[in-house]
Amino acid sequence: MEPRLRFPASREAYFLERVNRFVVRAATAEGELRLHLPNTGRLEWLQPGALLRYLPRTGGRTRGRVLLAREGKVWALLDSSYAEAALPALVAGWGWRYLSAQPRVAGSRLDALVRDAEGGERLLEMKSATRVAGGTACFPDAPSLRARKHLEILTARGGVLLFAVLRADARRFSPCAVDPEFGAALCRALEAGLRVRAVRARVQPAEFVWDGELPLYCGA
């Protein structure tokens, strides 16, 4: 299985403003449209005039779904469902086996159950990062109680935390300073033996490719 995934055909747009957590206004060849934004992060790097790629649709309250956004010359994947779809190929590259999606544990739904190279079953949670500054990718870009809860579950159950950096300009990963409680909890989890990996993706309008692991630093 190749560690890549092809996107459906998308159209070009230019970001105008974020109406709310789930909707943006964008300028397109069809005029100004409201598009669904499948990313609830702050996305402070997404500025008016940024180039978007979106998947058109008819009906509903919006006319399409944002797929990608470009900062400078770098594309970022804003729809993490495609990263989730490429997760089996990624773990296969580690010599692991993808067993099932979205297991429910302790009142939470995690991303996957996997079997590692030694034959042990492990819970895996993937957190997507699109913020990069000075070559450092970080997560979360806003305080996240949900992320802290998942970290506690994974630490208690010997799971795996995967940071998926969904743009190609990152050279390292660190927790974002905006959520110091998550950063401190991540440091404690690493000291306790939690398996944590950061993986970068190369994103283009046509496809998504896992592009190698990043060094991870415990500290913003």
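A few notes on this one:
- Residues of region 25-66 with amide N under 18 Å of the 7 Å Cα→Cβ point at R4: none
- Gain on full extension, evaluated as 0.36 nm per residue between E121 and E181 minus their Cα-Cα distance, stands at 18.8 nm.
- Loop-located trypsin sites (Lys or Arg not before Pro) in region 1-106 (DSSP state other than H, G, I, E, B) with a sparse environment of at most 14 neighbouring Cβ atoms within 10 Å: R21, R57, R61, K73.
- In sequence order, region 71-86 has phi-based couplings of 10, x, 9, 10, 8, 10, 8, 9, 9, 5, 4, 6, 5, 5, 5, 8 Hz under the Karplus curve 6.51 cos²θ - 1.76 cosθ + 1.60, θ = phi - 60°, and Gly or Pro positions carry x.
- Listed residues L151, V165, V114: farthest to the positive end of the dipole of region 81-213 (Cβ charges): L151
- Using θ = phi - 60° in the Karplus curve 6.51 cos²θ - 1.76 cosθ + 1.60, the 3J(HN,Hα) couplings for region 210-217 round to 5, 10, x, 8, 10, x, 10, 10 Hz; x is entered for Gly and Pro.
- Options [x] 10.7; [y] 12.1; [z] 20.3 - which one matches mean projected area of the Cα convex hull in nm² as calculated here: [y]
- Counted without the sites themselves, the longest stretch of the chain free of GluC sites (Glu not before Pro) in a DSSP loop having at most 12 other beta carbon atoms within 10 Å is 119-220.
- Separation of region 118-148 and region 49-83, taken as the distance between their Cα centroids, equals 21 angstrom.
- A simple charge model with +1 on the Cβ of Lys and Arg, -1 on the Cβ of Asp and Glu and nothing else charged puts the dipole of region 1-153 at about 420 debye relative to its Cα centre.
- In Hz, Karplus ³J(HN,Hα) per residue of region 110-121 (6.51, -1.76, 1.60; θ = phi - 60°; x = Gly, Pro): 9, 7, 7, 10, 10, 10, 7, 5, 8, x, x, 7
- Residue-averaged 222 nm ellipticity for the chain, from DSSP H runs of 4+ at -39500 (n - 2.57), nearest 500: -5000 deg cm²/dmol
- Annotation: amide H-H contacts under 5 Å for D79 (H modelled 1.01 Å from N, sequence separation of 5 or more, or interchain): none.
- Taking amide H atoms as placed 1.01 Å from N in the peptide plane, the amide H of R172 lies under 5 Å from those of A137, each 5 or more residues away in sequence or on another chain.
- C-alpha long axis of helix 145-157 to longest principal axis of the chain, angle in °: 30 degrees
- Taking amide hydrogens as placed 1.01 Å from N in the peptide plane, the amide H of G64 sits under 5 Å from those of H36, R57, each at least 5 positions away in sequence or on another chain.
Only the coordinates and a few stated rules stand behind these numbers; no lab work does. These numbers come from a predicted model, not from an experiment. A quick note on method: Cβ atoms are made from the backbone with ideal geometry, for glycine too, and the neighbour counts reach across all protein chains shown.
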